[in-house]
Amino acid sequence: MMHAATSLRLRLLLLFVVPLVLLSAILGTWRVIELNRLSTGVFDRTLLSTAIAISRDVVVYDGDLLGPTTRTLLSETAGGTIFYHVNGPDGSFATGYAYPPVAPQGAVATPEEPVFYTAQYKGEDVRVVRLRSRVDLGWISGFSTVSVWQELAARETFFKRLASRTGAVIGLLVLAVAGIAWFGVRFGLRPLTDLEDAIERRSPNDLSLIRRAVPPEVGGIVRRTNALFSQVSDVMTAQSTFISDAAHQLRNPIAGILSLAEASRAAATTPEQIERSDALLASARHASRLANQLLTYERVEGSPPDMTEQIDLTQIASDVIERCGEMMVAKGVDFEFAENGPAPIHGDAILLSEAVQNLVDNAVTHNDPDGLSLRIETTRNGSECMVTVADSGAGIASDDWARARARFSQLRPGPGSGLGLAIADAICAGHGGEMRLDPMEQGTRITLAFPNV
Amino acid sequence: MRIAVIEDNEALAQGIAYRLQDAGHAVDMLHDGLAARDHLASEDADLIILDITLPRLDGLSLLHELRLAGDKRPVLLLTARAETVDRVAGLDAGADDYLVKPFEMAEFEARVRALLRRRDAPLNITQRIGNLVYDPAARQLRHGNEPLDLTRREAALFACLLDAEGRPVPKSRLLDQIYGTGADVDDSVIEVHVSRLRKRLAQTDVSIRTLRGFGYLLEAGG
């Protein structure tokens, strides 16, 4: 079993190539043995036919000479120089080379069957065939022995060349298969990389099922991933519904508390009553705002905003100012609105004014409002429509920006809910826009930028 | 004035009732739709505060029934936040105004005053701010017992700011009020009128505050 972390590519490569190498080795060996047998057979038959020709010549030319045909045969036979030795029926040397290679024991030629053997001749390995045939020369008759031999070097060279070619062909084949496996695996695994992209595009906000066509081999993975996605989605929906329901249920009693607190404050006459009902009212307002912000946050995070309507960001900012202008003047905020004509975008007017309102509330809540400069600006360029809220307060360091935007986080202890910027950020993102902290020497300047229609 | 508060959140209804009673009104509290229908069928009301979400009979259906029956009493509809559809439906069903929950009590009181004023317009009711009294029918402003002379446009400007109940009014809307919607007048004309009106108000405790780039609001005291 291979280690689980081995790359698929290496794994498949090994799976392909190792058996292939083994199989090739077996096939190659078999082929070499076969070649050896084949070439030995071919050379031996040549040697034998030469021996037969010499033996016949011995009869024809009375044992002394070789005919011209046989001589041609001797010089043109493949496999190197041929040596021969002929003994007459009387056992004496008749013609050829004087000393034939000695036959090993048991290698005895009979009239029916020639014998082949390997021996030494002048220090070289040679292949010998010995033939025994009956001759009748008139003056003498009996069995003549013909020995024909040839050096093995030539046939070995021939065999080696054949064997090495075979080896080369098999080697090339193995390399080719390995190469195809190595690069083919990458190609073959492309559906998996596609799948990876599809999974990568999913996020906690988008756990939609993967619907692309996949090879049957990964169908199971996709089915199970989809099943997991829908389970996680269901759990998240249930949780978000719970939070939303909880905030909703809390809001009603809080609205009651708030209105009763306002009524108490209005009826308070003694300084103690006024002080205490002021504190009660402030707490009730805080609770009310928190419950509402939770609901808003849930709504923004839960579903994409309705983008069908075209609205004017300048009008949105103007509405927000109309709503909170009295509060700003009462608190001593030095306010300025700088509009630069219509800034049309697609989006949900209520959510967008909530985002702008949150920026204004943040500026007033987290700074001393008396004497605070607050400037709201709307601008439009080729690609974006922007609304900017800038104040002269304490400011946010760029290092703190990520933390400032997180849910329930506050840079400085204060009366806010810690959701204001998170909501503005989520609303902005939901509209395909971006919330930016513009670097300032003093104060905070936050821009909500949206795509121009 | 007698006001019917139809709201199933009893604590909220009680809080609203206290504020209205403090302002000198008589309040009838109803907590469900059917009880409200019975009450309205037999009892008088100068204003109806109506929540949309009610048990037994919802606010929109009740409003629809009232209008079908020819009941013209002013209705201030309370809608849950961001339910745009509800708001449109509410105005279609014949509500005179709507307020999105949660609302500031000051805002609520302003809407109530506006609706009561609208109802009583023929009776020449006067509006007060600080130590000033404004008579919309006669377009006359009095400082204590002294009448302050205002031109027609200054009076229109003052009335518009006064109607906003302390909220800022954008310049464009002031222009529409003084010169009529769509009049081809430059924004800066407003500044001239505001500056003149400020001089007239110099001796009073009412002042006009500027929100740079936006508009003006009327502030009493100080």
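Values in this text are rule-based calculations from the coordinates and carry no lab data. Source: prediction; values computed, not measured. All Cβ positions, even for glycine, are placed from backbone atoms using ideal geometry, and neighbour counts span all protein chains on display.
Solvent-free Debye calculation, one equal scatterer per alpha-carbon of the protein assembly as shown: log10 I(q)/I(0) at 0.05, 0.07, 0.08, 0.10 Å⁻¹ equals -0.47, -0.66, -0.80, -1.06. Rg and Dmax, both from the Cα atoms of segment B:2-122 and both in Å, are 13.0, 37.
Other protein chain C-beta atoms within 10 Å of residue C-beta, averaged over B:103-112: 3.
Rg and Dmax, both from the Cα atoms of segment A:8-175 and both in Å, are 22.1, 86. Given 25 °C and 0.890 mPa s, how large is the Stokes-Einstein diffusion coefficient of segment A:140-213 in µm²/s, with Rh as the Kirkwood radius over Cα pairs? My calculation gives 128 µm²/s for D.
Ranking A:60, B:208, B:66 by Cα position along the charge dipole of the protein assembly as shown, where only Lys, Arg, Asp and Glu carry charges on their C-beta atoms, puts A:60 farthest toward the positive end.
Fewest neighbouring Cβ atoms within 10 Å first, the residues A:97, A:84 line up as A:97, A:84. For residue B:171, a cut-off of 20 angstrom between C-alpha atoms picks up these lysines, skipping any fewer than 8 places away in its own chain: B:199.
Summing charges over neighbours of residue A:40, with a neighbour being any other residue whose Cβ is under 9 Å away from its Cβ, gives +2 when K and R count +1 and D and E count -1. The equivalent ellipsoid of segment A:233-364 has semi-axes of 31, 26, 10 Å, largest first, where each one is the square root of 5 times an eigenvalue of the Cα gyration tensor. Compared with the direct C-alpha span, the chain from residue A:273 to residue A:154 gains 30.3 nm at full extension, assuming 0.36 nm per residue.
If R0 is taken as 25 Å, the Cβ-Cβ distance between residue A:166 and residue A:190 corresponds to a FRET efficiency of 0.10.
Other residues with beta-carbon under 13 Å from the beta-carbon of residue B:151 carry, at +1 per Lys or Arg and -1 per Asp or Glu, a net charge of +4.
Our analysis of segment A:284-353 gives Rg over Rh at 1.04, with the two radii drawn from alpha carbon positions and Rh computed by the Kirkwood formula. Calculated on C-alpha atoms, the gyration radius of segment A:330-400 divided by its Kirkwood radius gives an Rg/Rh of 1.00. Look at the stretch A:259-272: the mean tally of other chain Cβ atoms within 10 Å of its residues' Cβ atoms is 4. Each of A:90, B:184, B:22 was scored by other Cβ atoms within 10 Å of its Cβ. Arranged with the fewest first, they read B:184, A:90, B:22.
Legend: helices of chain A (whole DSSP H runs) are marked when their alpha-carbon atoms reach 27 angstrom or more along the helix axis and their mean Kyte-Doolittle hydropathy is at least 1.0; marked are A:8-60, A:152-188. Extension gain for the segment residue A:233 to residue A:113, taken as residue separation times 0.36 nm less the Cα-Cα distance, is 34.2 nm to one decimal. Mind checking which aspartates and glutamates have their C-alpha under 19 Å from residue A:160, skipping anything on the same chain fewer than 8 residues away? By straight Cα distance, residue A:160 reaches A:34, A:44, A:124, A:125, A:151.
Angle, helix B:188-201 long axis vs. longest principal axis of chain B, Cα atoms, 0 to 90°, nearest 10? Once rounded, the angle reads 90 degrees.
Counting Cβ atoms of other protein chains within 10 Å of each Cβ in A:314-327 and taking the mean gives 4. About its Cα centre, the dipole of segment B:2-122 is roughly 360 debye, where the only charges are +1 on Lys and Arg Cβ and -1 on Asp and Glu Cβ. Between the residues A:187, A:267, B:52, the greatest Cα displacement towards the positive end of the dipole of the protein assembly as shown, with unit charges on the Cβ of Lys, Arg, Asp and Glu, is found for A:187.
Taking other Cβ atoms within 10 Å as a rough exposure proxy, A:307, A:435 sort from fewest to most as A:307, A:435. Between the residues A:440, A:28, A:101, the greatest Cα displacement towards the positive end of the dipole of the protein assembly as shown, with unit charges on the Cβ of Lys, Arg, Asp and Glu, is found for A:101. Normalising the average separation of contacting C-alpha pairs (under 8 angstrom, six or more residues apart) by the number of residues puts the relative contact order of segment B:2-122 at 22 percent.
When only alpha carbons of segment B:127-220 are considered, Rg and Dmax amount to 12.4, 38 Å. Taken along the Cα-to-beta-carbon direction at a fixed 7 Å, the label points for residue B:181 and residue B:38 span 4.4 nm.
Peptide packing for A:190-197, A:260-267 was compared via the average number of neighbouring C-beta atoms within 10 Å per residue; ordered from the highest value, the list is A:260-267, A:190-197. Computed from point charges on the beta carbon alone (+1 for Lys and Arg, -1 for Asp and Glu), the dipole magnitude for chain B about its Cα centre is near 960 Debye.
Relative to the longest principal axis of the Cα atoms of chain B, the long axis of helix B:59-68 lies at roughly 80 degrees. Each principal axis of segment A:307-451 carries a Cα extent, and these read 39, 30, 26 Å when sorted largest first. Taking Lys and Arg as +1 and Asp and Glu as -1, the other residues whose beta-carbon sits under 14 Å from that of residue A:233 total -2.
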